[in-house]
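Colleague: After the structure tokens below, expect a handful of questions from me.
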Amino acid sequence: MNQKYWDDLSENFNERVFEIADNELNQALATTIKKLGKQYRTAGDFACGAGGTTAALAAHFEQVIAVDYAAKLLQQARKRVKGDNIRFVEVDLTKNKSTAIKVDVGFCINALIHPVAKKRKRIAATVFRSLNQGGKAVFIAPSLESYLRTYQVLAEYLVSAGKNRKKTVRKIAATAQKEIFSLVEGIADVGAVATKHYLHDEFAQLLEEVGFQVESVDRVEFPWAEVLDNAPEKLGKPYPWDWMITASR
Ligand SMILES: C[S@@+](CC[C@H](N)C(=O)[O-])C[C@H]1O[C@@H](n2cnc3c(N)ncnc32)[C@H](O)[C@@H]1O
């Protein structure tokens, strides 16, 4: 999961990589962007990818700086999101001196997902350093609780549809064993790629460790089809979710 990995995904990025801004069901992120846009002037889209969140930020903030280290993705984002109030910048957020950027609100959406903890922490620290004093940050990351809950919801659904409970649970447990690379570290398969998933407390702790004050932890819900192939139409709430933390500097 390095720069080349992300650049290689640049073609049809929004079909190949899940963009929560376009897929959220409960409008948790959209509402937060709107609210913070009324209170603050400038926003940073840290690890903006192909610009999935950038357009929404540009609609609600006076100035937006969108940052990523994958040049091809930045190119896609430039094409996709037009506006005089957006500046795109190529920066590796794990580098210590990576940014002279200062914004009021930093958004970091599904970027703290590398299996190596040090890299994730460096990105979070860069977002912290890039905020004006009194500024806020919004982080979204995959939820480990949601990942595990999916197995339970699927098992209950299949049992209620008449499948044998013991056999169903055994089969799903075997799948889980293949998909969860490290339960202790929260590393699990997403599209055949080892991806960090967070427990609620763990995510908050990481942000506190780099200096943030955590203000709220919310769920950003998305459709079952994102996590289950041939998701049964009947599956409704509870939907799978990412964690969204709002924090201040
Ligand atoms: C899953 S995508 C999320 C993109 C976007 N935030 C969204 O929600 O659609 C992760 C993004 O993080 C970027 N990224 C990962 N590590 C980075 C780093 N060290 N510096 C800058 N960007 C990074 C990748 O290039 C990729 O665009």
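Read-outs: derived from the displayed coordinates by stated rules, not from any lab. This is a predicted model, so every value here is computed, not measured. Here the Cβ positions follow ideal geometry from the backbone for every residue, glycine too, while neighbour counts run over all protein chains shown.
Colleague: Can I get the semi-axes of the stretch 22-116's equivalent ellipsoid? Compute them from the C-alpha gyration tensor as square roots of 5 times the eigenvalues, in angstrom, largest first.
Modeller: 20, 15, 14
Colleague: Using the 2.2 N^0.38 Å rule of thumb for compact globular proteins, work out how the stretch 58-188 stacks up: its C-alpha Rg over that value, please.
Modeller: For the stretch 58-188, the normalised Cα radius of gyration comes out at 1.44.
Colleague: Still on this structure, I have one more. Would you work out if the stretch 168-236 is rounded, prolate or oblate? Take a ≥ b ≥ c from the square roots of the eigenvalues of the alpha-carbon gyration tensor; rounded if a/c is under 1.5, else prolate when a/b is larger than b/c, oblate otherwise.
Modeller: Oblate, since a/c reaches 1.5 and b/c is not below a/b.
Colleague: How many Lys pairs in the stretch 109-219 lie less than 20 angstrom apart by Cα atoms, where the lysines are 8 or more positions apart or on different chains?
Modeller: Number of lysine pairs found: 8.
Colleague: Shifting gears a bit: Counting only helical runs of four or more DSSP H residues, what would the 222 nm mean residue ellipticity of the chain come to if each run contributes -39,500 (n - 2.57) and the total is spread over all its residues?
Modeller: On the way: 10 runs with 98 residues, N = 249.
Calculated from helices alone, the mean residue ellipticity at 222 nm is -11500 deg cm²/dmol.
Colleague: Per Stokes-Einstein, at 4 °C and 1.567 mPa s, what whole-number D in µm² s⁻¹ belongs to the stretch 132-214, with the Kirkwood radius over Cα pairs as the hydrodynamic radius? Walk me through the intermediate numbers first.
Modeller: Details: Rh = 14.9 Å.
D = 87 µm²/s.
Colleague: Please go through the stretch 209-240 and write out the GluC sites (Glu not before Pro) that DSSP classes as loop and that have at most 14 other C-beta atoms within 10 Å. Working shown, then result.
Modeller: Values: sites: GLU209, GLU215, GLU221, GLU226, GLU233; in loops: GLU233.
Loop-located and lightly packed - GLU233.
Colleague: Turning to a different aspect of this structure: In degrees between 0 and 90, to the nearest 10, how far off the longest principal axis of the chain does helix 144-160 point, with axes built from Cα atoms?
Modeller: 30 degrees
Colleague: What order do you get for GLU24, GLU208 when you list them from fewest to most C-beta neighbours inside 10 Å?
Modeller: Placing the least packed residue first, the sequence is GLU208, GLU24.
Colleague: While we're on this one: How high is the relative contact order of the chain, in percent, with contacts defined as C-alpha pairs under 8 Å that are six or more residues apart? Walk me through the numbers before you get to the answer.
Modeller: Details: 444 pairs, mean separation 47.1, N = 249.
Relative CO of the chain lands at 19 percent.
Colleague: What relative contact order, as a whole-number percentage, does the stretch 98-226 give when Cα pairs under 8 Å and 6 or more residues apart are counted? Please list the in-between numbers first.
Modeller: Numbers: 137 pairs, mean separation 33.0, N = 129.
Once normalised by length, the contact order is 26 percent.
Colleague: For CYS48, CYS108, what ranking results if the residue with the fewest other Cβ atoms within 10 Å of its Cβ goes first?
Modeller: Ordered by Cβ neighbours within 10 Å, fewest first: CYS108, CYS48.
Colleague: Another question, then. As a test of the definition: which semi-axes, in Å, follow for the chain when you take the square root of five times each eigenvalue of its alpha carbon gyration tensor? Largest first, please. Intermediate results must be reported in sequence, preceding the final value.
Modeller: Details: eigenvalues 208, 67, 64 Å².
Each semi-axis is the square root of five times an eigenvalue, giving 32, 18, 18 Å.
Colleague: Test of understanding: express the Cα radius of gyration of the stretch 73-117 as a ratio to 2.2 N^0.38 Å, with N the residue count. Mind dumping the intermediate values first?
Modeller: Values: Rg = 12.6 Å, N = 45, 2.2 N^0.38 = 9.3 Å.
The reported ratio for this selection is 1.35.
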